[in-house]
Amino acid sequence: MIGGFFVYMLKGKKILLGITASIAAYKSILLVRLLMKQGAEVKVILTPAAKDFVSPVVLSTLSKNEVLVDLSHNNAWNNHVMLGRWADVMLIAPLSCNTLAKMANGLCDNLLMAVYLSATCPVVLAPAMDEDMWHHSSTKKNLQLVKEYGNIILDVENGELASGLFGEGRMAEPENILLFITENFFRSGELKNKKALVTAGSTYEPLDPVRFVGNHSSGKMGFALAEALYEKGADVTIVSGPVHQTKKYDGIRIIHVSTAEEMYRVCMNLHGDVDIEIMAAAVADYKPANVSAEKIKKDKKDFTLSLEKTKDILTALGQAKKQNQFLVGFALETNNEREHAKNKLANKNADMIVLNSLRDENAGFGFDTNKVSVFFADGEEKELKLAGKKEIAEQIVQLIIQKINA
Ligand code: CTP
């Protein structure tokens, strides 16, 4: 938290969720929960038939709003035009075959259809149906029509269907729906038009065709930083060593590399055209001086490995730094942490060094949490409390934004 400030991606955003009659409606409960957790204001409309699939009581409790079903409710008229104008995004999830057909033909026999036809905001549809229905010619035609009307259709997923069959037709998972709307409608603009480069993970320095020198870096911190930058509107490229992380957003570019030399070359190539560079990778400092073309046999009693230095990417970027470029480095230290971090800041011509101390519990390599201190070229220092890596990443990005705008 920076001054008690935590970033809720959907804070103040208004989401209208339409739920239709489909077994997948049970997933909408989780979707409401996820939207609320991100700070969104959620109103739910059920079709009359959807009431048999999901309880209005559960949905109204979770959304903290009355769930609407009929055009007139408790003798009051639901103003469908105002509901359609209230929302920033209207989601229909799950979208049944029946409601899809009504949308394609402009039928208006329930509140959800009346609101949909009045909606002035973007409408996102998450279809759910059995595979044979999904592949029916009329479904394809209706999907084509609603797409032409300007609605956005999320891909269905493959897997077990309510019929017990396996195939295409499952509703997109709630987490993926949340990611889609966040990515497409709710990225903030603080870093709009800024390009960012983030290195992540370890590098593998080959010794022979099957062995390498590397380290345990998971890449979590680098990927979390890339996500946080992207959520603020930046155009983001991750240059990643071999890791098991996957990017959360489609729009983040990822370039996979293996060695320090490859990472160096990619970063130097991109350097001319980026505004923010964050070197979060645990690049190998040394590599085997000789790489054997064949697998090394264990026929000797002793084996001495000769190592030579890799290129220091952070230093090279610091030397090539242009005005208005903001360069961030990481430091992992076990002793004299502040002194080492400050030296790195100066020696590498960085604007900010993020210090991890190996003495901090639950922080650093492999952990989901991190505790860091931050040092700036202007002498300012900040200590961030132990938190999830994504939260730390959000705070680091917030500090970068403050410095860039200072
Ligand atoms: N780094 C880099 N290229 C390298 C080695 C490190 O870009 N070949 C970057 C890391 O991504 C990190 C920073 O340099 O942002 C700090 O790396 P570290 O290895 O801790 O520092 P060194 O300067 O190599 O010093 P030492 O290992 O002696 O602490």
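Coordinate-derived values only; no laboratory data. Here the structure is a predicted model, which means the values were calculated and not measured. Cβ atoms come from the backbone with ideal geometry, glycine included; neighbour counts cover every protein chain shown.
Take 12-25, 30-43 and order them by the average number of nearby Cβ atoms within 10 Å per residue, most first; the result is 12-25, 30-43.
Identify which of VAL124, VAL236, VAL57 has the largest mean-square fluctuation in a Gaussian network model of the chain, with springs joining Cα atoms closer than 10 Å. In the Gaussian network model the winner is VAL57. Out of LEU46, LEU10, VAL397, whose Cα points farthest toward the positive end of the dipole of the chain (charges: +1 Lys, Arg; -1 Asp, Glu; placed on Cβ)? Value computed over the given set: VAL397. For the chain, relative contact order (Cα pairs under 8 Å, six or more residues apart, normalised by length) works out to 11 percent. For the chain, compute Rg over Rh where Rg is the Cα radius of gyration and Rh is the Kirkwood radius from the inverse mean 1/r over Cα pairs. Using Cα coordinates only, the ratio equals 1.08.
Each of ASP378, ASP132, ASP275, ASP302 was scored by other Cβ atoms within 10 Å of its Cβ. Listed from fewest to most, they are ASP302, ASP378, ASP132, ASP275. Dividing the summed helix terms, -39500 (n - 2.57) for each DSSP H run of n ≥ 4, by the number of residues in the chain produces a 222 nm estimate of -9500 deg cm²/dmol to the nearest 500. Top mean-square fluctuation among CYS97, CYS108, CYS267, Gaussian network model of the chain, C-alpha springs under 10 Å? The residue with the greatest mean-square fluctuation here is CYS108. Neighbours of ALA87 by Cβ distance under 11 Å: Lys/Arg scored +1, Asp/Glu scored -1, total +2.
The ellipsoid equivalent to the alpha-carbon distribution of the stretch 14-185 has semi-axes of 23, 18, 16 angstrom, derived from the gyration tensor eigenvalues as √(5λ) and listed largest first. Its Cα centre serving as origin, the chain has a Cβ charge dipole (Lys and Arg +1, Asp and Glu -1) of approximately 440 debye.
Placing +1 on the Cβ of every Lys and Arg and -1 on the Cβ of every Asp and Glu, with nothing else charged, gives the stretch 290-397 a dipole about its Cα centre of roughly 520 debye. The mean sequence separation of alpha-carbon pairs under 8 Å and at least six residues apart, normalised by the residue count of the stretch 14-185, gives a relative contact order of 23 percent. Here the relative contact order of the stretch 142-233, from alpha carbon pairs under 8 Å that lie six or more residues apart, stands at 22 percent. Please report how far the C-alpha centroid of the stretch 77-102 lies from that of the stretch 188-261, rounded to the nearest whole angstrom. When both Cα centres are located, 39 Å separates them. With springs only between Cα atoms under 10 Å apart, run a GNM on the chain and tell me which of ILE45, ILE296, ILE313 wobbles the most. Of ILE45, ILE296, ILE313, the most mobile in the Gaussian network model is ILE296.
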